[in-house]
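So the structure is just underneath, and the comments pick up after that.
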Amino acid sequence: MIEIDLKSRKSIYEQVVRGIKEQILSGIIKPDSRLPSVRELSKELTVNPNTVQKAFGLLESQGYIYSVSGVGNFAHSPSEIQPDRRMIAQASAQIRDDIRELRMIIPSTEDFIARLTQIFSQATAGDDTATSHTHESKDSL
């Protein structure tokens with residue numbers, strides 16, 4: 001199930017794209033399995049069908065899904081998905097900028113490294129709680 005956060009800075013179609021990508025990469029959506037139709041998914045998520053169509057178009061252009069005319073959209077196997085070098089470069093640049101910003105916020109090298117390690121662990125486990133912290137003690141880093 002894809003969850004849409006209306007308060008998110010990410011657009012709805014980006015959230016749909018991310019949700020489907022995560023499900024394909026985690027194996028929830030099996031290779032060559034049919035995705036819901038645009039109409040079905042838009043109804044399930046209570047979003048405009050054009051939003052879902054835009055998400056499907058992006059997923060297809062990025063190689064996560066393929067369409068069969070008159071039949072529907074299907075998931076590619078994660079092993080068939082080729083990384084988009086432009087997107088990798090953009091994401092890498094964003095991560096570098098965010099790390100520099102975090103370093104300015106956390107002057108202690110020990111605390112900074114501990115926080116980076118925690119963020120990396122959470123990101124690779126699919127846990128988005130790294131950004132939802134309020135006031136924390138030094139021990140919780």
With the 1.4 Å probe rolled over protein heavy atoms, the chain has an accessible area per residue in Å² of 71
For segment 1-94, averaging the sequence separation of alpha carbon pairs under 8 Å that lie six or more residues apart and dividing by its residue count, the contact order in percent is 28
Mean projected area, convex hull of alpha-carbon positions in segment 11-133, reported to one decimal in nm², is 9.0
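Round to a whole number: what % of the accessible area of the chain belongs to carbon and sulfur, probe 1.4 Å?
Details: 5400 of 9970 Å².
Roughly 54 percent of what the probe reaches on the chain is carbon or sulfur.
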Calculated from DSSP helices alone, with each H run of at least 4 adding -39500 (n - 2.57) and the total divided by the residues of the chain, [θ]222 nm to the nearest 500 comes to -17000 deg cm²/dmol
Length gained if Ala125 through Ser11 is fully extended, taking 0.36 nm per residue and subtracting the Cα-Cα distance, is 38.7 nm
If every Lys and Arg gets +1 and every Asp and Glu gets -1 at its Cβ, then about the Cα centre segment 59-118 yields a dipole, in debye to the nearest 20, of 140
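The values are calculated or read from the model by the stated rules, or taken from the named source; none is laboratory data. No experiment lies behind these values; they were computed from the predicted model shown. We place every Cβ from the backbone using ideal geometry, glycine too, and count neighbours over all the protein chains shown. Ligands, DNA and RNA are excluded from the accessible area calculation, which covers all protein heavy atoms including side chains. Shrake-Rupley method; radii C 1.70, N 1.55, O 1.52, S 1.80 Å.
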